[in-house]
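Notes for the one structure printed next.
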Amino acid sequence: MGVERKPLTGATLTPHPEVRGRVPRTSVGPRLGAVGALMKSAVVKRSVVIGGHYTSVSLEDVVWRDLKNIAHSKQETLGELVEKIDRTRDNSNLSSAIRLFVLEHFRSKRRAPR
């Protein structure tokens, strides 16, 4: 009955079904800037697979880029890093936990002796 799917292991990253195959739509949508020009939010919804289940995160492009750079510097895949963040987060949602992780990463680098 139906197609049998294998359970996914680890965390993998895929485009959110709403944006697959086209330019991502911002989750907040256009808004007017300080000078009245139309601006788009940099928040983009992305899907991640954690423990075999899809979940979505809405993150600013700069946070996503920094997260990828942090994963690279730790010699981990982006999926592995997101899975670690998910396991260690407190009661916040995953998007917030990722933002806080990135913020703390750069704060701790700034505090570290040179």
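General remarks:
- Matching residues, the stretch 54-75, being small (Gly, Ala, Ser) and surrounded by 14 or more Cβ atoms within 10 Å (Cβ to Cβ): 56, 58, 71
- For the stretch 77-114, the set of residues classified as in contact with a Phe, Trp or Tyr (Cβ under 9 Å, 6 or more places away or on another chain) and either assigned to a loop (DSSP other than H, G, I, E, B) or of a type in the set (Ser, Thr, Tyr) (or both) consists of 88, 89, listed by residue number.
- Within the stretch 76-104, if we keep just the residues that are within 11 Å of the chain's Cα centre (by Cα) and polar (S, T, N, Q), the residue that is surrounded by the fewest Cβ atoms within 10 Å (Cβ to Cβ) turns out to be 96.
- Close pairs from the stretch 59-81: first farther than 10 Å from residue 105 by Cβ and free of Cβ contacts under 8 Å to residues at least 24 places away in the same chain, partner surrounded by fewer than 16 Cβ atoms within 10 Å (Cβ to Cβ) and of a type in the set (Asp, Glu), Cβ under 9 Å, at least 6 apart: 71/80
- Test: residue in the stretch 91-112 that is on the phi < 0 side of the Ramachandran plot, among the aromatic types (Phe, Trp, Tyr) and modelled with pLDDT of 95 or more: yes
- Look at the stretch 82-108: where a residue is under 15 Å from residue 68 (Cβ atoms) and a partner is charged (D, E, K, R), sitting 6+ places away or on another chain with Cβ atoms under 7 Å, you get 102/66.
The values are calculated or read from the model by the stated rules, or taken from the named source; none is laboratory data. Every value quoted in this text rests on a predicted model; they were computed, and no experiment measured them. For neighbour counting, all protein chains shown are included, and Cβ atoms are generated from backbone atoms with ideal geometry for every residue, glycine included.
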